[in-house]
Amino acid sequence: MIEIVLPSSRKTDCIIKNTAYSRAGVREYWIVDPAKACTTVYDYDKDAAPTIIPFDQPVQCGIFPDLSITVSDYLK
């Protein structure tokens with residue numbers, strides 16, 4: 001699941017949906033935050049702390065190992 005955070009939806013995306021997705025069995029949740037220029041990745045399968053990745057670095061998908069996305073490539 002990938003969410004793009006808007007100022008009006010920050011609480012919903014970062015807290016409420018994060019909790020709901022974790023409980024619903026979603027395996028991975030990305031929060032793309034333009035205001036902070038980073039993506040926060042929650043890997044629920046590993047039950048580990050989230051990883052914060054700047055937009056200019058690739059985000060490796062845990063579910064699809066061959067998929068990697070560099071967010072800054074899509075902001076040009």
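The numbers here are math on the coordinates, done by the rules we state, and not lab data. Every value quoted in this text rests on a predicted model; they were computed, and no experiment measured them. Cβ: placed from backbone, ideal geometry, glycine included. Neighbour counts: every protein chain shown.
Annotations for the structure displayed:
- Extreme residue, surrounded by the fewest Cβ atoms within 10 Å (Cβ to Cβ), among residues of the range 35-69 that are polar (S, T, N, Q) and closer than 22 Å to ARG10 by Cα: THR51
- Counting the residues of the range 15-34 that are more than 19 Å from GLN57 (Cβ to Cβ) and surrounded by fewer than 17 Cβ atoms within 10 Å (Cβ to Cβ) gives 10.
- Residue check, TYR42 among the aromatic types (Phe, Trp, Tyr) and within 10 Å of the chain's Cα centre (by Cα): yes
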